Amino acid sequence: MASLLIVENLTKRFGGLTAVNDASFQIARDEIVGLIGPNGSGKTTLIRLITGALKPDAGIVKFRGEDITKKPSWEIVKKGISATHQVVRPFRGLPIIANVMIGCIGAGKAKRGEWVKRIEAKAQDALEFCGIAHLAKELASVLSHGDLTRLEIARALATESELLMLDEPFGGLNPNETELMAKSIKRLHKGGRFGRLHSEGPAMLIVEHKLAALMKIVDRVIVLNYGSILAVGPPEEIVRDEKVIEAYMGRNLQ
Amino acid sequence: MSKKNFISLVSICLLVLGASWGTVEARKTDVKTIKIGVAGPMKFTAGENHWRGAIMARDEINKAGGVLVGGVKTPIELVKVETNEILSVSDAILSIERAAEKVHFFMGTKRSESALAMQDVAMKHKKIFIGCGAAHPELCVRVAKNYDKFKYYFRVVINSAYMGKILFLHLGDVAKIVREQLGIEKPKVAVLADKLKWADPVVKAVETNAPKMGMELVGVWRPSATASDVTAELAAIKDSGAHIIFQAVSGPMGVALGKQWGELEIPAALIGGNAHAIVKTFWEATGGHGHYVTTQTGIGPVKLTEKTMPFWEGFVKRFNAFPGYESVTYDAVYILKEAIERAGTLDSNDVVLELEKTDYSGAFGRMVFYPRDHKFAHDLKFGPGYNTWILVQWRDGGKLVGIWPYGWEGITYEGSEKYVLPPWMVKYWKKKK
Amino acid sequence: MQVLISGIMIGSVYAVLALGFSLIWGAARIINLAYTSFYMLAAYFFYVGISLLGLNIFIAVPLSIVIATLIGVSTYKFCLERIRAHDVVVILISIALAFFFEECILSIFGHQFHRVPPFISGYRELFGVRVLNQYFVAFGFSVTLILGLWIFLSRSRIGIAIRATSQDKEIVNLMGISEKRVSIIAMIIGTGFVTISSVVVAPIYVVEPSMWMHPIIMILAIVVLGGLGSLKGSFIAAYILAFSEVAVVNWLPMGAFIKSAVALLVMIIVLAIRPEGLFGVVFEEERL
């Protein structure tokens, strides 16, 4: 089976700085892949390149065998790639439920003529899944940081995408919350029905600094350093990799 | 803006400029004609009137061979000078300055602000300038105060001081009709003037004179000259219990006023001056609701002189429009022709002397200029036996009739009728009693 | 009473105009000063249809709305969209466009005044106040449009997308919504608003080439007062300004000339106290 996402020789420069340098990797349909690396190693840039928010200087991105490198980001979302962001940017002036509904609407999963009521119900389920359903009618501007992260995931979830990229899903969460979130992610990946939402169980690419939590849920890890891919492998191999340990300057990866 | 867009924009500008320069050059080459620059806002009714009046005179004179200058019959050539004065005075100065090189004489202009500026330019070039629109007294006060500099200016329109006087005479007449017909001892007057400088003295004059004339002033409403909705003002005026609305309106608001006043059947006579009510399309533009509106003008379907009706009818037939007072250029061209023929030259100084001797019976009435020692030197002489201007009233079916003078100083021009109050107003006040 | 009735009538018309403008600003982020040109164009098309071509009013009205809206949207598509990142250029170009349209109309129709027939002629007395029947029509249309917009924005997919777009364009794109398409839709609705209100109020007013000027000034005042981009703000500000205008005319007749000025003064006072407008959002830091 061909890989869902194929990234080939992707390069992005900002002025003199090469943020992503000749990166190539693949993600299969049934994988959860971790993307780690020291600060400034180009993780977020890489995600933005895949979502089309940034355009690469070289290289191509293929999704389900189709070259999507030059597509506008809204079209890429419609094809089935969604992402959450490290700095959460909700539509502050809209109710939380409407924030999630945008996800349904945007991904084109809401069929023409489908009742807004149904979309709303789906959005409600996505909120339920993330544990913030009780806040549905509030404006997004009232949310705490942890809740914002949840909203972000609910929003991505509502797009019912095939590839979900999460940028620091554990950011700002305490250990308990982190564990809950990790479980949610795992459950989401397995797929199934969440109320009126059908999840096919998206492939995932997760950027995270909390490596301990991350390592428990991923199948594979990609390590970035100065924009280049340093290592790729299962978590247990990566934590023992000399180069990786060196890149993290001796930090204990366990 | 991209570079390409910018370049194309610049080239379009250059093309337009080039084209207009080209036509200017073409005009310069032909001599042997008397060139009169007709200046005005040509896209507006006023400018259109200037131009139409002038070409009617030109066609008649040229058909008869032209103007006799020093034994040679010379045809008249009119040069259209677009002043854009409604929008900006600076445009007007520029176009006059540009045209001054090419023409022998000027006539026209509507707005007083720009007429003053244009007057300066024309005097600098020592060009005779016959004012056919702007009515501010200052234009001729200047001639009286500094004759040597401003002597080239004449005006064939009575100045606004006299216009105001006429309006007050008529206000008195209407108050009398209200007293007699409705039995109201002290009629109430509301003033509705647009917010332009020229109307300030009018408003002040009503404020001081109305009480003296046995009327009560109930309020002054001054909407913007370009307002398109005066229903709020009209409703407030109705509330105030006014019997007479004295309008002093020159802006487009006048059309909305006539229309909404008639449609709402506001029970107060709408009199005074409304610049837009002398346009033939006023009837169509108000959807017929402009009936019973009165306004002031220099010419109407009444016999001011033998020449009035032929001109009126010829104008209506040719342009399907009523001649506004600005088409007095028709008489101005003839007055100029006669002065040139008497002087036998196109030299400005000589023609000025002959113009001062003018006593011409034109389509717009008798034309005599005040002498150079009068406080309004070179202004059109106003008074019984001279020029009086008229007031007109719209009647059902889009008919315009002359209603003033009606017996004033013994003058009633043939074709004039008595002013009538709007019937809904009569009904309203009779019922109220 | 008279203040109340006139205020509500005039306020509703203002509200529709301002809401359309706000909608366009929100979604497309342009200050389109040519906005009321389409108000003028629609009125002229109405005039041409009914007076020159002799069309039935039921054909002339929708036709003029559609044509004027099409012109409005194509103006946006072909002139303004590509430059909309540069606010100042948009303002300059759109004001140039407004004068361009005025010149076009001037050269075709001249500076004549025209009139279009009311849907229902005559007037009616409401609590002793005379109101033109056409004003009731205009009021009915305005209320329908405002309610319709409200339902549309809160209950429809595109409506929600428009609201999201006016909050954050970049994210909307990342959520799979073409912000350009949403802008066009908002443009169609906004321009539709101005053209519809044009044909319903044109019979009250007079059709002439500079008729676009007064409404755009009022719209700007309303939008600034209400807070740029806030629909609720525009709605309320429209009534505030309409009431202050009517109040001046009634209670301060000598100063009726300052009618618009007073409305603008109210705006300035409010802005001095709340620079972001009544319901405006404090501008958030500019992001990439």
Single match in B:V206, B:V191 (criterion: of a type outside the set (F, W, Y) and part of a helix (DSSP H, G or I)): B:V206
Search result, residues across region C:195-250 that are away from chain B (no Cβ under 11 Å) and aromatic (F, W, Y): C:F235, C:Y239
Qualifying residue in region C:135-143 (condition: modelled with pLDDT of 85 or more and facing another protein chain (nearest Cβ under 8 Å)): yes
Residue satisfying condition, being within 24 Å of B:L257 (Cβ to Cβ), free of Cβ contacts under 8 Å to residues at least 12 places away in the same chain and either in a helix (DSSP H, G or I) or under 19 Å from the mean Cα position of the chain (by Cα) (or both), within set B:D200, B:D148: B:D200
Residues of region B:354-401 satisfying the condition of being acidic (D, E), more than 30 Å from B:E263 (Cα to Cα) and open to solvent by 10 Å² or more (accessible area, probe 1.4 Å): B:E354, B:E356, B:D359, B:D373
Of all residues making up region A:136-184, the number that are over 21 Å from A:L49 (Cα atoms) and touching an Asp or Glu at 6+ places or on another chain (Cβ under 7 Å): 2
Number of the exception - A:A83 against (1) within 10 Å of chain C (Cβ to nearest Cβ); (2) over 22 Å from C:K180 (Cβ atoms): (2)
Count of region B:138-184 residues which are aromatic (F, W, Y) and on the phi > 0 side of the Ramachandran plot: 0
Residue among C:S107, C:S74 that is within 10 Å of chain B (Cβ to nearest Cβ), free of Cβ contacts under 8 Å to residues at least 40 places away in the same chain and surrounded by fewer than 14 Cβ atoms within 10 Å (Cβ to Cβ): C:S107
Criterion (free of Cβ contacts under 8 Å to residues at least 60 places away in the same chain and out of contact with any Ser or Thr (no Cβ under 9 Å at 6 or more places or on another chain)) met by exactly one of C:I8, C:I67, C:I59: C:I59
In region C:77-104, residue surrounded by the most Cβ atoms within 10 Å (Cβ to Cβ) [restricted to those that are under 22 Å from C:P209 (Cβ atoms) and without any contact (Cβ under 8 Å) to a residue 12 or more places away in the chain]: C:F99
Pair list, Cβ < 7 Å and 6+ apart or interchain, from region B:157-177 residues that are more than 23 Å from B:P187 (Cα to Cα) to residues that are among the hydroxyl-bearing types (S, T, Y) and open to solvent by 10 Å² or more (accessible area, probe 1.4 Å): B:V157/B:Y325
Matching residues, region B:209-229, being within 10 Å of another protein chain (Cβ to nearest Cβ), of a type outside the set (F, W, Y) and either more than 14 Å from B:A268 (Cα to Cα) or in a loop (DSSP other than H, G, I, E, B) (or both): B:V220, B:R222, B:P223, B:S224, B:A225, B:T226, B:A227, B:S228, B:D229
Tally of residues being of a type outside the set (S, T, N, Q) and either in a loop (DSSP other than H, G, I, E, B) or without any contact (Cβ under 8 Å) to a residue 40 or more places away in the chain (or both) across region B:336-382: 28
Breaking point among (1) surrounded by fewer than 24 Cβ atoms within 10 Å (Cβ to Cβ); (2) over 30 Å from B:K73 (Cα atoms); (3) of a type in the set (F, W, Y), for B:F282: (1)
Qualifying residue in region B:297-311 (condition: farther than 22 Å from B:E414 by Cα and in contact (Cβ under 8 Å) with a residue 40 or more places away in the chain): no
Residue in region B:312-335 that is touching a residue at least 12 places away in the same chain (Cβ under 8 Å), buried (at least 17 other Cβ atoms within 10 Å of the Cβ) and of a type in the set (D, E) present: yes
Hits in region C:110-122 (condition: open to solvent by 70 Å² or more (accessible area, probe 1.4 Å) and within 11 Å of chain B (Cβ to nearest Cβ)): C:S121
Residues that are over 30 Å from B:N49 (Cα atoms) and among the hydroxyl-bearing types (S, T, Y), drawn from region C:101-149: C:S121, C:Y123, C:Y135, C:S142, C:T144
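The values are calculated or read from the model by the stated rules, or taken from the named source; none is laboratory data. Computed from a prediction, not measured in an experiment: that's the story for all the values here. FYI the Cβ positions are ideal-geometry reconstructions off the backbone, even for glycines, and counts take in every protein chain you see. In case anyone asks, the SASA skips ligands and DNA or RNA and just uses the protein heavy atoms, side chains included. Shrake-Rupley method; radii C 1.70, N 1.55, O 1.52, S 1.80 Å.
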